[in-house]
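Asker: Sharing a structure with you now.
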Amino acid sequence: MTKPGLKLLLAGSLLALATAGAHATEVSQVTRQVSALNQQMDQLNQQTIKLKQQNALNAKSNSGVYLLPGSKTPAQLKSQLGMLQLSLTNVTADANGTRATLNIRGDSSGPLPAFSAQVVWGQILGTTDDYEEVNPLTLPVSAPASVLVPSDVAIPLEMPGIQPNQLGFIRIHDIQPSDPNWRPGPRSPFSQ
C-alpha cells in the first residue's frame, strides 16, 4: 500500500473511532438522564399515593387533620382560630427519633393569637377505608401570637421513638387559643 493510501486509511480509522467515542459518550449521558427521570417519576408517584391517602384520611377525620410526611402537601383545618393551612417540612432523623417543622398559616383575616394544640404521631396500618394508628404518641405544643397577616407559625417538633422512614402520620387536633376570651376579629376589607 502506498503512503498516501495508508494515511487515508489511518485518517478514516481515526475518524471512525472518534465518532464511535462521541456516540458512546452521548449514549452514556442519555442513559444517566433517563435514570434520573425514572427516579423523579418514582418519587412523584410515591408523593401522589401519599397525597391521595392524606386526602382520604382527612375526608373521614373528625379529630383534627392528618399530615403524611411523604405527601409534601398542606392540609386545611377549620379550627377555633379560623381556617388554617398546615404542612410538614424538614423531616429528618435525630439521635432520639425524628425532627420536623409544623407550619401553620392562618387565613388573611388577622394575626393568629397565642394557641395550643395536640400533635399525635405514629405508624398507620390498613387502608384509608379501614386503618389503625399504631403506637400513637402525643405531644402538646404551643405557639406565641403572631403579628403579621397572613400569619405564619413554625413549630419545631421532636418525635422520639420513631425514625422518619417509620413515621406514617402526624395528626394535629384540639387547636385552641390560649386566651379563652379571644374571638376572631372582623375580616379585613383587603382580604380575599
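Each reported figure results from applying straightforward, stated rules to the coordinates on display, with no laboratory input. As the structure is a prediction and not an experimental result, all values here were calculated from the model. Using ideal geometry, Cβ is built from the backbone for each residue, glycine included, and neighbour counts are taken over all protein chains shown.
Asker: Which order, highest average first, do 64-70, 80-86 follow once you tally other Cβ atoms within 10 Å for each residue and take the mean per peptide? Spell out each step's value before the answer.
Answerer: Values: 64-70: 22.9, 80-86: 18.6.
Highest mean packing first, the order is 64-70, 80-86.
Asker: Find how much the distance from Met83 to Val34 grows on full extension, using 0.36 nm per residue of separation minus their present alpha carbon separation; answer in nm with one decimal.
Answerer: Details: separation 49, 0.36 × 49 = 17.64 nm, distance 4.23 nm.
13.4 nm is the gain from fully extending Met83 to Val34.
Asker: Starting from the Cα gyration tensor of region 48-113, multiply each eigenvalue by 5, take the square root, and state the resulting semi-axes largest first in whole Å. All intermediate terms of the calculation are to be shown ahead of the outcome.
Answerer: Working: eigenvalues 95, 58, 20 Å².
After diagonalising the Cα gyration tensor, the semi-axes are 22, 17, 10 Å.
Asker: Moving to a separate point now. Can you tally the net charge around Ala59? Count Lys and Arg as +1, Asp and Glu as -1, for every other residue whose Cβ sits under 12 Å from the Cβ of Ala59. Please list the in-between numbers first.
Answerer: Details: positive: Lys52, Lys60; negative: Asp129.
With Lys, Arg at +1 and Asp, Glu at -1, the neighbours total +1.
Asker: Please identify which residues in region 34-67 have an amide N closer than 20 Å to a label point set 7 Å out from the Cα of Gln76, following the Cα→Cβ vector.
Answerer: Residues 51-67 fall inside that zone.
Asker: Once you put a point 7 Å from the Cα of Gln166 and another 7 Å from the Cα of Leu44, both along the Cβ direction, what distance in nm separates them?
Answerer: Those two pseudo-labels are separated by 3.3 nm.
Asker: In nm, to one decimal, how far is the modelled label at Ala56 from the one at Leu125, with both set 7 Å along Cα→Cβ?
Answerer: 1.8
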